[in-house]
1. In region 141-182, how many are closer than 30 Å to R32 by Cβ and aliphatic (A, V, I, L, M)?
2. How do the pairs read when you match residues in region 177-199 that are under 13 Å from L241 (Cβ atoms) with residues anywhere that are part of a loop (DSSP other than H, G, I, E, B) and not acidic (D, E), using Cβ under 7 Å and keeping only pairs 6 or more apart or on different chains?
3. Can A93 be described as closer than 18 Å to Y127 by Cβ, surrounded by 18 or more Cβ atoms within 10 Å (Cβ to Cβ), among the hydrophobic types (A, V, I, L, M, F, W, C) and modelled with pLDDT of 95 or more?
4. Take E69 and tell me if it is surrounded by 14 or more Cβ atoms within 10 Å (Cβ to Cβ) and among the acidic types (D, E).
5. Restricting attention to region 154-172, which residues are assigned to a loop (DSSP other than H, G, I, E, B) and within 13 Å of R211 (Cα to Cα)?
6. Can you tell me which condition D212 does not meet? The list is (1) modelled with pLDDT of 95 or more; (2) surrounded by fewer than 19 Cβ atoms within 10 Å (Cβ to Cβ); (3) in contact with a Phe, Trp or Tyr (Cβ under 7 Å, 6 or more places away or on another chain), and all the others hold.
Amino acid sequence: MHPELVKIGQFTIYSWGFMLSVAVLLGLFGARRLAAREGIDPDRLVDFTLLVVIVGLMGSRLFYVLFYEWDYFAANPLQVFNPYHQGMVFQGALVLGILAAVWFVRRHRMSFWNLADVMAPFIALGYAIVRVGCFLAGCCWGKPTAEPWGVIFPGLGEVARHPTQLYSSLLGLLLFGYLLWLFPRRTFSGQVFLNYLIIYSLGRIFIENFRDNPLFLGPFTLAQVLGAIVLLVGFGLYYWLQRDKTRKG
């Protein structure tokens with residue numbers, strides 16, 4: 001693992017933070033090009049992206065604190081802001097990021113679904129890139145495996161484990177390609193974004209079977225429970241928007 005990409009004296013570039021930065025910059029570059037074709041002001045996306053990334057990181061941390069280590073953080077509240085104490089939940093970033101996006105588009109009188117369709121492929125791409133950062137950082141590992149592609153993670157003994165970070169990265173890359181293909185073929189606003197929510201949730205629920213995560217509800221992990229909720233919401237909104245488009249002709 002390579003949690004630190006560059007270290008010069010007290011100056012350190014961390015793998016996860018670096019990959020997050022790459023994800024944001026590439027996503028913003030791609031989304032601006034796609035937005036220009038849709039008549040959306042590309043410059044407005046800079047403010048939008050900064051807002052959603054900041055709020056998303058807060059949501060990711062908040063969900064981890066609430067659902068994974070509440071007792072610890074309740075006793076040590078300042079540790080919530082300690083960047084060296086790992087702990088993020090992507091669904092938290094997704095939920096709060098969507099809420100921030102809704103606030104932004106309402107304030108600027110934009111179409112939420114059009115903007116969501118533009119951003120969806122690059123959310124998937126960003127997810128793929130950040131998961132590579134997770135792999136380099138040595139977090140989010142999988143269960144022990146005898147498969148030849150198993151990876152030994154530092155601090156976990158000499159046991160090969162599923163590189164579930166890379167499984168997630170592959171999911172993101174495939175989803176990115178599919179959403180880019182779907183974008184010019186969509187039949188209603190919101191179709192691309194809702195495809196993202198549905199397919200990501202299905203993929204995450206499946207990959208969780210190989211993740212070394214504690215069970216949250218019966219035989220299911222927290223990510224599977226949250227994924228099922230997002231999946232149901234995604235299917236419901238898809239049906240509603242598709243029916244509304246058909247009704248309007």
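1. Residues that pass the stated criteria total 9.
2. Between residues of region 177-199 that are under 13 Å from L241 (Cβ atoms) and residues that are part of a loop (DSSP other than H, G, I, E, B) and not acidic (D, E), the close pairs are S189/S111; V192/R186.
3. No; evaluated as a whole, the condition is false for this residue.
4. Yes, satisfied.
5. Here is the first cut: in region 154-172, the ones assigned to a loop (DSSP other than H, G, I, E, B) are 154-159, 162-163.
H162, P163 - these are the residues of region 154-172 that are assigned to a loop (DSSP other than H, G, I, E, B) and within 13 Å of R211 (Cα to Cα).
6. Tallying (1) modelled with pLDDT of 95 or more; (2) surrounded by fewer than 19 Cβ atoms within 10 Å (Cβ to Cβ); (3) in contact with a Phe, Trp or Tyr (Cβ under 7 Å, 6 or more places away or on another chain), D212 fails exactly one: (1).
The values are calculated or read from the model by the stated rules, or taken from the named source; none is laboratory data. Nothing here was measured: the structure is a model prediction, and the numbers come from that model. Note: ideal-geometry Cβ built from the backbone for every residue, glycine included; neighbour counts use all protein chains shown.
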